[in-house]
Amino acid sequence: ILAWYTNNKRKLPWRETSDPYHIVVSEMMLQQTQVDRVVPKYHAFLARFPTLQALAAARAADVIDAWAGLGYNRRALYLHRFAQEVVGTFGGIVPSEVDSLQGLPGIGPYTSRAILCFGFGKDVPVVDINIKRIYSRLFFRGEGTENGLLNVAREMVPVGEGVAWNNALMDFGSLVCMDKPRCDLCPLRVQCSAFVAGVPDK
């Protein structure tokens, strides 16, 4: 997967930074929104609110205005409240512990792990729908429980390679192991339980 990623990685602006604030902005925007729509809004939002402190000090109406075009304005309000609580409770420093992160507005299990991985370089699994689909096909013939998939994901993260690994799987799930998989391009097909069982679309 890492070799595949070296030759096929997508160039995305939030992959060029490890600033936790920038990672939070990108993760909030990417929820339920396609990447190509997020990229220009990500740049524009950070130009308008370049720091966590700037976002915390802004009016909610201005934050929603900057969010226009992404939909689901509740995410903008969560992000605004997130910034205010980090400034008020953590001195403007995004916490690097999962419990503290999940106590903040709009931050659930997935987003907290994404922040820990991409913002702090921690080797934690970041299990989005693309990664669930890969592990489900590879190990569970296209099935698998939520806990089973997460347990596999925890075991699979290579030590010291968490950022590259999670990014690689996201790209692999977006470009190869899609809803309608491109098994002809897949370097894992001979090991894939769904492919071997003849149910790659499952």
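The values are calculated or read from the model by the stated rules, or taken from the named source; none is laboratory data. Everything numeric here is computed off the predicted structure, so don't read it as measured data. FYI the Cβ positions are ideal-geometry reconstructions off the backbone, even for glycines, and counts take in every protein chain you see. These accessible areas exclude ligands, DNA and RNA; they are computed on the full protein's heavy atoms, side chains included. Shrake-Rupley method; radii C 1.70, N 1.55, O 1.52, S 1.80 Å.
Which of these, Pro158, Pro125, Pro20, has the largest mean-square fluctuation under a Gaussian network model of the chain (Cα springs below 10 Å)?
Evaluated over the chain, the most mobile residue of the options is Pro158.
Multiplying the sequence separation of Val35 and Asp184 by 0.36 nm and subtracting their Cα-Cα distance, what value in nm do you get?
51.2 nm
Any chance you could give the angle, 0 to 90 degrees and rounded to 10, that helix 20-30 forms with the longest Cα principal axis of the chain?
So the inclination is approximately 70 degrees.
Compute, for Cys183, the solvent-accessible surface of its heavy atoms (probe 1.4 Å) with the complete set of protein chains present, and express it in square angstrom to the nearest 10.
Around 30 Å² of this residue is reachable by solvent.
Net charge near Tyr5, counting Lys/Arg +1 and Asp/Glu -1 over other residues with Cβ under 12 Å of its Cβ?
Result for the neighbourhood of Tyr5: +1.
What is the distance in Å between the Cα centres of the range 130-150 and the range 1-40?
Taking the Cα centre of each part, the range 130-150 and the range 1-40 sit 22 Å apart.
Calculate the FRET efficiency for Asp62 and Asp123 from the Cβ-Cβ distance with a Förster distance of 35 Å, rounded to the nearest 0.05.
So, using R0 = 35 Å, E works out to roughly 0.40.
For a test of the definition: using alpha carbon positions, the gyration tensor, and the 1.5 limit on a/c, classify the range 1-115 as rounded, prolate or oblate.
oblate
What list of ³J(HN,Hα) couplings, whole Hz, do you get for the range 93-103 from phi and the Karplus terms 6.51, -1.76, 1.60, once you set θ to phi - 60° and write x for glycine and proline?
Those phi angles translate into 9, 4, x, 10, 10, 4, 5, 5, 5, 6, x Hz.
Assuming 0.36 nm per residue, please report the length gained on full extension of the stretch Asn73 to Val196 beyond their Cα-Cα distance.
39.9 nm
Do the alpha carbons of any pairs in Lys9/Lys132; Lys9/Lys180; Lys41/Lys132; Lys41/Lys180; Lys9/Lys202 sit beyond 22 Å of each other, and which pairs?
Pairs exceeding the cut-off: Lys41/Lys132; Lys41/Lys180; Lys9/Lys202.
What is the packing order of peptides 170-178, 54-62, taking the mean over residues of other C-beta atoms within 10 Å and listing the highest first?
Highest mean packing first, the order is 170-178, 54-62.
Separation between the Glu85 and Asp19 pseudo-spin-labels, each 7 Å from Cα along Cα→Cβ, expressed in nm?
About 2.3 nm separates the two model spin labels.
Pop out the ³J(HN,Hα) list for the range 140-150 in order, Karplus 6.51 cos²θ - 1.76 cosθ + 1.60 with θ = phi - 60°, rounded to Hz; leave Gly and Pro as x.
My calculation for the range 140-150 gives 10, 6, x, 10, x, 7, 4, 5, x, 5, 5 Hz in order.
Positive end of the dipole of the chain, charges at C-beta (+1 Lys, Arg; -1 Asp, Glu), about the Cα centre: which of Gly91, Cys186, Trp165 has its Cα farthest in that direction?
The residue sitting most towards the positive pole is Cys186.
I want to check the label-to-label distance for Arg10 and Glu161. Put each point 7 Å from Cα in the C-beta direction and report it in nm to one decimal.
In this crude spin-label approximation the distance works out to 2.2 nm.
If I stretch the segment between Ser174 and Ser96 completely, what's the gain in nm (0.36 nm per residue apart, minus their alpha carbon distance), one decimal?
Working it through step by step, the gained length comes to 25.3 nm.
Quick check for you: with a 1.4 Å probe and neighbouring chains kept, what is the accessible area per residue of the range 77-178, in Å²?
Counting only protein heavy atoms, the per-residue value for the range 77-178 is 43 Å².
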